[in-house]
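The values are calculated or read from the model by the stated rules, or taken from the named source; none is laboratory data. Keep in mind that what you see is a predicted model, and the values were worked out from it rather than measured. In this analysis, Cβ positions are derived from the backbone assuming ideal geometry, glycine residues included, and neighbour counts consider all displayed protein chains. Note: accessible area is taken over every heavy atom of the protein model, side chains too, but ligands, DNA and RNA are not part of it. Shrake-Rupley method; radii C 1.70, N 1.55, O 1.52, S 1.80 Å.
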Amino acid sequence: MEMMMKLYYRPGACSLASHILLIANDIPYTLDKVDLKEKLTEDGGDFRRVNPKGYIPALELDDGEVLTENVAVLSYIATRGGIGLPKDGLAHWRVLETTTFITSELHKNFVPFFDPTADDAARERGRKLLTARFALADRQLGDRAFIVGDEFSIADAYLFVMISWAGRVGLAVPPNLEGYYRRLAKLPAVAAALEQEGLPVPA
Ligand SMILES: N[C@@H](CCC(=O)N[C@@H](CS)C(=O)NCC(=O)O)C(=O)O
């Protein structure tokens, strides 16, 4: 029997972006819901044996290799399936440029909000940085449908998750980004991933 890719995930976590990409690329996959606190896989196994870093996303490939780190996992899925990362030209690098911005300038600045040991000063710093970074993303989006070029890319899937987190921590994003978020939620791959993870579809 041919092995299927397996995505180690947590509902609504950054792994949602990879989940969206698997669906958009029509790649068969299975899901494994990780207990991140206890570092256990869905069947109670030791998640650190899958990914010694202990975090998600982790994508088990069809040959048993495990790939980690959002930018690599997202790029891998898009390259395998052909949707989400332009093959060549400057467009390829522009998508990676924006996806790296999302991982290092947005995603990382949410850490104090999800870390129970972080203090108010760390959260305030995070809030200031996130407000400035979301403003940059808003300017980049302008009145276009997608964050890079004219097509849906891995950067849109990742930014979608970041905007959903902004809502969770009570951080307002510019109205234009909010509208973009609601439009993305209606894309079939995004709606299907939300449903499979048991997450509400934004109104
Ligand atoms: N550098 C990693 C960070 C991934 C990450 O922050 N994952 C979070 C969920 S969104 C996680 O698993 N946190 C639990 C932990 O670190 O214990 C990447 O870009 O993939």
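Please indicate, with yes or no, whether at least one residue in segment 52-69 is within 14 Å of the ligand (Cβ to nearest atom), at positive phi and at pLDDT 95 or above.
Scanning segment 52-69, I find at least one residue that is within 14 Å of the ligand (Cβ to nearest atom), at positive phi and at pLDDT 95 or above, so the answer is yes.
Tell me yes or no: at least one residue of segment 132-153 is open to solvent by less than 30 Å² (accessible area, probe 1.4 Å), within 25 Å of Pro11 (Cβ to Cβ) and without any contact (Cβ under 8 Å) to a residue 40 or more places away in the chain.
No, segment 132-153 has no match at all.
Could you go through segment 77-90 and let me know if any residue there is modelled with pLDDT of 95 or more, touching a Phe, Trp or Tyr at 6+ places or on another chain (Cβ under 6 Å) and more than 21 Å from Asp26 (Cα to Cα).
no
Exactly one condition in (1) small (Gly, Ala, Ser); (2) within 18 Å of Gly179 (Cα to Cα); (3) within 18 Å of the chain's Cα centre (by Cα) is false for Ala135; which is it?
Unmet for Ala135, out of (1) small (Gly, Ala, Ser); (2) within 18 Å of Gly179 (Cα to Cα); (3) within 18 Å of the chain's Cα centre (by Cα): (3).
Val95 - would you say it is of a type outside the set (D, E, K, R), over 24 Å from Lys37 (Cα atoms) and touching a Lys or Arg at 6+ places or on another chain (Cβ under 6 Å)?
In short, no.
Among the candidates Arg49, Arg10, single out the residue that is touching a residue at least 24 places away in the same chain (Cβ under 8 Å) and closer than 26 Å to Asp115 by Cα.
Only one candidate qualifies: Arg10.
Return the total of residues in segment 101-125 being more than 14 Å from the ligand (Cβ to nearest atom) and assigned to a helix (DSSP H, G or I).
6
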